[in-house]
1. Yes or no: the range B:22-40 includes at least one residue that is without any contact (Cβ under 8 Å) to a residue 12 or more places away in the chain, within 14 Å of chain A (Cβ to nearest Cβ) and over 12 Å from the mean Cα position of the chain (by Cα).
2. Could you check the range A:455-475 and list, in sequence order, the residues that are facing another protein chain (nearest Cβ under 8 Å) and in contact (Cβ under 8 Å) with a residue 40 or more places away in the chain?
3. Does residue A:514 meet the test of being modelled with pLDDT of 85 or more and more than 14 Å from chain B (Cβ to nearest Cβ)?
4. What is the one condition in (1) part of a loop (DSSP other than H, G, I, E, B); (2) out of contact with any helix residue (DSSP H, G or I) (no Cβ under 6 Å at 6 or more places or on another chain); (3) touching a residue at least 40 places away in the same chain (Cβ under 8 Å) that residue B:50 does not satisfy?
5. Which residues, counting only those in the range A:123-140, are in contact with a strand residue (DSSP E or B) (Cβ under 6 Å, 6 or more places away or on another chain) and either on the phi > 0 side of the Ramachandran plot or surrounded by fewer than 16 Cβ atoms within 10 Å (Cβ to Cβ) (or both)?
6. Do we find that residue B:64 is touching a residue at least 24 places away in the same chain (Cβ under 8 Å), outside any loop (DSSP other than H, G, I, E, B) and more than 14 Å from every other protein chain (Cβ to nearest Cβ) in this structure?
7. Look through A:501, A:484 and report the one residue that is modelled with pLDDT under 80, part of a helix (DSSP H, G or I), more than 11 Å from chain B (Cβ to nearest Cβ) and touching a helix residue (DSSP H, G or I) at 6+ places or on another chain (Cβ under 9 Å).
8. Consider residue B:72 carefully, then state whether it is in contact with a strand residue (DSSP E or B) (Cβ under 8 Å, 6 or more places away or on another chain), over 14 Å from residue B:53 (Cβ atoms), loosely packed, with under 14 Cβ neighbours inside 10 Å and away from chain A (no Cβ under 14 Å).
């Protein structure tokens, strides 16, 4: 009976088999059993990729197992199983050493156990682990051994080693150390990086909780211990970030410690394994980022315009303070759709003008101005959208900036209005200035005239008196009486001229009060009625009883009426049954007074001039040329206007427009 | 008894013409071109009527008129180139019997004088 047990190496691979054979019958049976045993062994060797050999130095006989041939890259029996052929397989770099050690083993029984390289028949290089020894009971140095192709294992081991090296390098680079705490012994094991993270040389201190606690910021110690204890009880993974003071520099660093309890089959904590990473750089970056973000947020919040971040699906991702103030109901956390959230009532479709939608589609900046009804007013918003792109240049969102430009637009409108008003006032000022210049001119003429008139009156008085003395002479020569009467006529004419001139001096004194136009007219008309009756001229009065009074200087208005009546009378001279039509009526806040006569009219080419001082159409000696000028001047000082309308042969109409009510007349001047 | 008239005016030529005219109409006329002298002459000559100019160098006619205010004689006829209504009111208040605008209408003046003479009896 044959029993076989497998002897395995440390990593579980079969190394060799041990068999026991019990002689139960005849030799033949034994041989049969031996053959079987060889077959089984061969099969086992093949399965384990294990070759074997035997060598008898005395006879030089050598036996290679089939698998040994295969390890060498040959078919079993393809080459002779000799020592020289074996040595011929060796890699040139290893050949000398292997040959020497093999001979040592044969000669002196030093066991051979080493790895070496061979070159297969096909040229492939393989790593072999071989062991050989002299048979303990063998005579003449009989020896044997096994060989195993460990190329793959070697490669695996090397790549594992490399991976481990990489891992350690990565840990070092990441300032990541790992540690282990044994619950039974309380022993702590650290990787090198743990020392470095705490500012120690590797091995400078004994790994342990106390060493760590010494370095932890006092405010963080209790939290760290609590976390550790929770983990020891096995209830929670350990995850604490603590501040430590480095041993070497005293610098404050942030360590992120994470760990997990390992429990045995009964649920008891055996140990805690974990990592400790210096995350100071990350924390400082985060802090800088937070500060930076806070700064930008503050800017964006206080910029006075609404800012939203809109996704390509038109979701609201973020809002600044202005937008939150405008839309307090919008919760960014729900990623609401902008055209629903921003409109009341909510819209179901994208707003037609939406610049953000355009920006998200074409990646360009777009702008629009919207009008939002708010009660009676309309609010105007300027919306500008700009794209946000990822590193690949794809538009991932849009920033939508909304500015309330209502106030600005209103201000601009007000500015335009004020400008217009200003222009209008400028125009009025120009007109007033022109009037002033004209009035000043008239006033100067008036002052001058009054002085001249007075000085002329005295010589005229002497002439008049002397003339009258001569007229009273009893023995006046024939023809002299007529001549002297003509002198007197001329004296009266000169006197009338000086009287009119003196009128100018008194024009610019205002004695304004609320006056009744028809009353003033009636009073004035009585002064001239006698003359009019003589000339067969009649007055047709048509004053509107509802026409308002005006704020004016009564005497000056009377002067205006007198001059216009005189003017009309002169125009009607020689016409039978002439009529002067006078009317008043209210019109656009003004009082309009007209004086019409059926005289010959005013030719258009002199219509502009008739109000100029000293302009007259009358025969020399008939007028002073000041009557209408005085009228014009008086009307202007009352902020009124006067114009003449005339059709050739159809008479003339003077139209006076005076402002109604208490409006100030132009300031009184001496 | 002949009515005596004092002519007061700074224009001597006017004074002479008026004096001759009044003389021709039977009045006794004296003249001066100075208001202060006029006051003296009124005391010395006791005229019945004075024709008084207003604008004169030195004492003006208005001041002279004020001095004569309370006296019954002479009656004062103001002769002035100034014709403002307010002046007329002041002159009448100061006791002038009449106001004549220059240039003087001789017929009007003679009529006023006749009236005064009739009043004075």
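The values are calculated or read from the model by the stated rules, or taken from the named source; none is laboratory data. Quantities reported herein were computed from a predicted structural model and do not represent experimental measurements. Because the Cβ atoms are built from the backbone with ideal geometry, glycine has one as well, and the counts that use them run over all protein chains shown.
1. yes
2. A:457, the sole residue that qualifies.
3. Considered against the rule, which asks whether it is modelled with pLDDT of 85 or more and more than 14 Å from chain B (Cβ to nearest Cβ), residue A:514 comes out as no.
4. Single failed check for residue B:50: (1).
5. A:125
6. Considered against the rule, which asks whether it is touching a residue at least 24 places away in the same chain (Cβ under 8 Å), outside any loop (DSSP other than H, G, I, E, B) and more than 14 Å from every other protein chain (Cβ to nearest Cβ), residue B:64 comes out as yes.
7. A:501
8. no
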